[in-house]
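This report concerns only the one structure given below.
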Amino acid sequence: MSRELRILMLEDTPTDAELMVHELRKVNIDFISKRVETQAAFILALAEFRPDIVLSDYQLPDFDGLAALQIVRRDYPHIPVIMVTGALSDIDAVELLHLGARDYVLKDRLARLASAVQQALSAEQGIRERKAAEREVRIAEEKYRTLFVEASDGIVLIDDTGLIVQCNPEFERQTGRTQAQLMQARIWELRPAGQRELAESKFREIWVAGTGGTSKLAFQTPGGEIVPVEFRTTAISIGDKRYLQSISRDISEHVKHEAQINKLNRALRTLSACNVALVRARTEDELFHSICRHIVEIGGYRLSWIGLTEDDEQKTIRTVAHSGFEEGYLERLHISWADNERGRGPTGRAIRSGEPVYSQNIATDPAFALWREDALARGYASSLALPLINEGKTFGALNIYAAEANAFGSAEISLLQELAGDTAYGIVTLRTRAERDRARESERLSAARLRKVFEQTISAIALTLEKRDPYTAGHQQRVAQLATAIATEMGLPQQQIEGIYLGALLHNIGTVSVPAEILNRPGKLTVLQFALVKQHSLTGFEIVKDIHFPWPVADMVLQHHERMDGSGYPQGLVNGEIILEAQIIAVADVLEAMRAYRPYRPAMLPEEAFAMLIQGRGTLFDPSVVDACLRVVQCGESGVRHAAE
C-alpha cells in the first residue's frame, strides 16, 4: 500500500492554507498536510515531516519563498516546489522557475492548484524514474567494464573483416601486444606463421555460422613465444552492427602439467620395459643393450649409454652399450672418474659421489664445457648421469640425454634412479648367474647340483623383485615352501611337486611392472592403482611363457589369483578350468600374505587367517587343498619340505 501524499505548506495565513486544502480535496487528492510560517519550522518539517511536495507563499513577514526554494534545492533537490502567492511579476516568476520552482499559482486562481500539484508530482516521478534508469545503466556499464577489464580470461571483439575492435588487458598479455597494436591487426595474424591461412579460413566459416564452439589453438607473441589457449567464439550484435566476441583462456600451465604427466608415464613405461628386460636378459651385454634401447625407444630420449669403471691409472670409463643418436659422440668423450678436468662432468661426479648428477642446460652448464660443442651439435640439451651401485660400491653409470633443456623433473629423476638401481642389481644377478654357470661347467656338477643352481637363480630373480618391496621380502620363498608341503601332503608325484615349488617362487614375478610406490603404499589403493597391481599375473605370464619349463609354470603364474567361483583374475576362471598347481599356490599365497605384516594392515593372528581360509573352502579354494593346508599348519608346518629334498 502506497504512502499518503504529504504536502508541506509555507503559509502565514491560515485561511489561505485552508483554501488550498479545499481546492485539492475537490479533485479527490488523498493527502495529509502541514503548515509552517517560519524558517526554523520549515527546515525542521523538511527533515521530520518528509513532504512529497512544498507549496510556498512568496512573501512572508520573516521569511520568503525564494529563500525557501534555495533551501529545498540545496538539501532536498528531489522535492518539487510550487509558489502560491497573491501577486508575482513576470520577472520574479521567471527567476523562480529558473532557480528550480516547478510552477507558480496565484491565490486568486487557486482552481489551477490541483492540476499544478499533479503535474509537478508526475514530472518529478518521471525525473526520478529517468535518473534511476540512468543510474542502473551506469551501474551495468561499470560492472561490464569491471568484468571486462579484470576478467581472468582474454576477451576480444572482432568485426566482419577480422579486425580487432576492442580487447581487455588479459588478451593483451596473452598475445604480447598493446591494445593499440592489436586494433591494427586481424585476428588470424596473432597465430604462428604457418597457421594463419587456415585461421583466416576458419574465421570466415565462424562468421557465417555465428559460433565457433571451443577449440585449442596458440598465439605467437612478437618475441616468438607460443602461448596455448582455449578459444570460444560467438556472434553478438551491438546496436545495428554484428561482431564476433571471443573468450581466450591461457592453458599454458595445463599444457605444461599434461606434458609432465606424459613424461612421467613415459618414464614408468620405460621402467617397466627395462625391468622385463632385466628378468629376460641372459648376459650383461644383452641387458646393457636392452636397457639403452628401451630408454630411447620407449622413453623418447635422444641418447642413452652405459659406462663401467676401469681400475687403470687414468680411471677411465669404458662404454659397454649405447642407443639413440650418437654419431661418434662417445668416441670423443674421453671421460674419467678421477677428480680431474675430464672427471668433473656429470658422469665422473655421479660415479665418485654415488648420487645422480644432471645438467639441465648443457648450453650454459660450466661443468659441460669440454663436451658442450659436440653435445649441442648432436641435439643434446640436457643430461642425467645415474650411478650403478652394488653393496655401496659404484661400478659404472647409466647416462641419459634429452633434446630439450630442463627435461628432468624430480619425479622423473626418482623413477630413472630406480631404473638405475634395478639395472645395477640385474647386472649383479647376471654376473652371479654367469659365475654359477661357469662353476657348473667347470666342475661338471651332477644333475641334482644343476637343478639346485637353477632354483637358486630363480630365487635370485625373485629376490631382485623383493628388493623393491621390503614388506614382502621372503614372501615368494615362504609361499614356495608352504605350497611344497601342501602338495606333499596331498601325495602328488615328486616331479609335479618340483614344478609347484618353482611356480611358487615365480608367482609374483609380474610385480616387476608395478611401481615400488604402489607396492609400498600404506593406504588404500585407488581403483587405477589396484588395476595396475592386478596386471602382474598377466605380466608374469608374458615374462615366463617362452621359457621351456618341464612344468606348466606360466599357467601357475597366470592363474594363482583365480578362484573356484569365478571371482578371481585375470581371466575369471571357475573350478575345472584352474590347474591344480595354481590352486595350491593360491592357498599358500593367501595364507602366507594374511599372516604377514603389510604397510596397509597388521598381520592376522593364525586363528583369524585359518578362519578366513575355511570360509573360502569350496567357494574360493579347492576343499582338498584347504584341508591339506590346514593339516600342514596344524602340525606346526613340520611337513614343509624343499622340493629338492
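Below is a table of values for the structure above.
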{"item": "Relative contact order for the chain, counting Cα pairs under 8 Å that sit 6 or more residues apart, in percent", "result": "6"}
{"item": "Helix axis angle, 447-466 relative to the chain longest principal axis, alpha carbon, degrees", "result": "10"}
{"item": "Computed E for Asp92/Glu225 - FRET, C-beta separation, R0 60 angstrom, nearest 0.05", "result": "0.20"}
{"item": "Inverse mean reciprocal Cα-Cα distance (Kirkwood Rh) of the range 55-183, Å", "result": "19.0"}
{"item": "Coordinate range along principal axes, alpha carbons of the range 248-327, Å, largest first", "result": "62, 32, 22"}
{"item": "Value in Å of the Kirkwood radius, where the range 204-261 supplies the Cα pairs that are averaged", "result": "13.1"}
{"item": "Lys/Arg +1, Asp/Glu -1 at C-beta; the range 335-437 dipole; positive extreme among Pro346, Tyr401, Ser383", "result": "Pro346"}
{"item": "Label-point gap, in nm, between Gln179 and Ile547 - each point 7 angstrom along Cα→Cβ", "result": "7.2"}
{"item": "Portion, in percent, of the accessible area of the chain that falls on carbon or sulfur, probe 1.4 Å", "result": "52"}
{"item": "Inter-label distance for Asn262 and Asn361, nm, one decimal - labels placed 7 Å from Cα along Cα-to-Cβ", "result": "2.3"}
{"item": "With DNA, RNA and ligands ignored, accessible area of Lys256 (1.4 Å probe; Å², nearest 10)", "result": "110"}
{"item": "Mean Cα-pair separation over length for the range 517-563, i.e. relative contact order, pairs under 8 Å, 6 or more apart, %", "result": "32"}
{"item": "The range 26-135: relative contact order in percent, alpha carbon pairs under 8 Å with at least 6 residues between", "result": "22"}
{"item": "Surface/4 of the Cα convex hull for the range 177-317, nm²", "result": "14.8"}
{"item": "Convex hull of the range 524-572 built on C-alpha atoms - directionally averaged projected area, nm²", "result": "3.9"}
{"item": "Where Glu498, Glu441, Glu230 fall by accessible area, highest first, once all protein chains stay in place (1.4 Å)", "result": "Glu441, Glu230, Glu498"}
{"item": "Net length gained if the chain between Thr432 and Ser237 were fully extended (0.36 nm per residue, minus Cα distance)", "result": "62.3 nm"}
{"item": "Options (1) 1.78; (2) 1.23; (3) 1.05 - which one matches Cα Rg over 2.2 N^0.38 Å as calculated here", "result": "(1)"}
{"item": "Those aspartates and glutamates that a straight Cα-Cα span of less than 16 Å connects to Lys263, excepting residues fewer than 8 apart in one chain", "result": "Glu253, Glu297, Glu404, Glu412, Glu418"}
{"item": "The chain - accessible surface per residue (Å², probe 1.4 Å)", "result": "50"}
{"item": "Accessible surface, 1.4 Å probe, highest first, among residues Tyr569, Tyr425, Tyr329", "result": "Tyr425, Tyr569, Tyr329"}
{"item": "Whether the range 308-376 is rounded, prolate or oblate, judged on the alpha carbon gyration tensor where a/c under 1.5 counts as rounded", "result": "oblate"}
{"item": "Gyration tensor verdict on the range 1-85 (Cα atoms; rounded if a/c is under 1.5, prolate if a/b is larger than b/c, oblate otherwise)", "result": "oblate"}
{"item": "Listed residues His334, His289 arranged by accessible area, highest first, probe 1.4 Å", "result": "His334, His289"}
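The values are calculated or read from the model by the stated rules, or taken from the named source; none is laboratory data. This structure is a prediction, so every number in the text was calculated from the model and none was measured. All Cβ positions, glycine included, derive from the backbone under ideal geometry; neighbour counts span all protein chains shown. For accessibility, only protein heavy atoms count, side chains too; no ligands or nucleic acids. Shrake-Rupley method; radii C 1.70, N 1.55, O 1.52, S 1.80 Å.
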